[in-house]
1. So which residues in region 20-33 are over 14 Å from Arg7 (Cα atoms) and surrounded by 13 or more Cβ atoms within 10 Å (Cβ to Cβ), if there are any at all?
2. Within the set of pairs 6+ apart or on separate chains, which have a first residue in region 31-49 that is within 16 Å of Leu21 (Cβ to Cβ), a second that is part of a helix (DSSP H, G or I) and aromatic (Phe, Trp, Tyr), and C-beta atoms under 6 Å apart?
3. Among the residues of region 51-68, are any surrounded by 14 or more Cβ atoms within 10 Å (Cβ to Cβ) and of a type in the set (Asp, Glu)?
4. For region 1-77, which fully contained helices (runs of 4 or more DSSP H) count at least 1 residues that are among the acidic types (Asp, Glu) and in contact with a strand residue (DSSP E or B) (Cβ under 9 Å, 6 or more places away or on another chain)?
Amino acid sequence: MTKEDRRRQVLAFMKDHPLALSPLLLYRNMRLHQTVTFSVDSLRNYLEEFAEEGLVLRVEKEPLDDGRIVEADSGTRAYYVISDEGREYLDDG
């Protein structure tokens with residue numbers, strides 16, 4: 001499986017399960033439902049790449065308690081959720 005295949009696998013899982021998750025929780029859930037051929041560290045790298053490309057949003061945890069999505073500053077712990085651009089990327093591919 002190529003890196004691009006793994007990246008698409010992550011985005012597809014996030015599209016099918018539209019939840020705001022930490023990298024570790026996302027990884028664990030992917031492992032429960034799919035064959036995953038990469039490490040949690042690789043997943044973290046993919047998420048950072050996706051965030052830079054606008055394919056996912058890095059969101060603050062606390063506003064989620066109120067049902068709000070607030071983008072997090074880089075360098076802070078965050079949850080990740082697929083963006084509209086991420087969905088379009090999958091649909092175009």
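1. Within region 20-33, the subset over 14 Å from Arg7 (Cα atoms) is 20-22, 24-25, 28-29, 31-33.
Of everything in region 20-33, those that are over 14 Å from Arg7 (Cα atoms) and surrounded by 13 or more Cβ atoms within 10 Å (Cβ to Cβ) turn out to be Ala20, Leu21, Ser22, Leu25, Arg28, Asn29.
2. Val40/Tyr27; Leu43/Tyr27
3. Checked against the condition, which is being surrounded by 14 or more Cβ atoms within 10 Å (Cβ to Cβ) and of a type in the set (Asp, Glu), region 51-68 yields at least one hit.
4. On the way: elements: 3-16, 23-33, 40-53.
Per the criteria, 40-53.
Read the figures in this text as sums done on the coordinates, not as results from a lab. Owing to the predicted nature of the structure, the values given are computational and were not obtained by experimental measurement. All Cβ positions, even for glycine, are placed from backbone atoms using ideal geometry, and neighbour counts span all protein chains on display.
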